[in-house]
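Working notes, structure below.
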Amino acid sequence: MAEALSAGDRAPAFHLADQDGTKRRLSELKGRKVLVYFYPKADTPGCTTQSCELRDIAGEIGDTAIIGISPDQPEKLKKFDEKYSLGFTLLSDADHAIAEKYGVWGEKVNYGRKYMGIIRSAFLIDEKGKVSHAWPKISPKDTPKKLLKALAEA
């Protein structure tokens, strides 16, 4: 597994389908701050908490864009977005190629069973495409708190 990105690293580019099937690129958001967070699976307890709490602070983060990335297919992301009225971009990284580039695809253990999956992480990317803050292995509830704190310090 690649090492997770750190502050100062260039954010890897991506070209992934969103919940509507539209291909999206990180470069489309140049000039804006972007929170990119990786979560294991749409509509599971931790991922729902994380996404809904980010939705709830969206009005407090100015022009900062929020992008959630998971291995789920666009149709599942659409249902997740609609069920919780998330209102931000969710991207499908079904082959986990982007998760690998960000260093968040790795071995996990659940009830003693080892498997490969998304290691919940978040990255704040600055207007020039560099990582300003990296939060590997972040808890769902800490994601919005850390984002607000980072933006307040900027």
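Coordinate-derived values only; no laboratory data. Everything numeric in this text was worked out from a predicted model, so none of it was measured. With ideal geometry, Cβ positions are generated from the backbone for all residues, glycine too; neighbour counts draw on all protein chains shown.
Points to keep in mind about this one:
- Expected 222 nm ellipticity per residue - DSSP helices of 4 or more, -39500 (n - 2.57), all of the chain, to 500: -8000 deg cm²/dmol
- Sequence of His15, His96 once ranked by neighbouring C-beta atoms within 10 Å, starting from the fewest: His15, His96
- Averaging the Cα positions of each part gives two centres, and for region 78-154 and region 1-54 these lie 6 Å apart.
- Relative exposure of Lys141, Lys33, judged by other C-beta atoms within 10 Å (fewest first): Lys141, Lys33
- Shown for Thr143, Thr64: other C-beta atoms within 10 Å of each C-beta, ranked fewest to most, produce the order Thr64, Thr143.
- Computed over region 3-57, the quotient of the alpha carbon radius of gyration and 2.2 N^0.38 Å is 1.31.
- Considering only beta bridges that DSSP places wholly inside region 28-135, some 60 percent are antiparallel.
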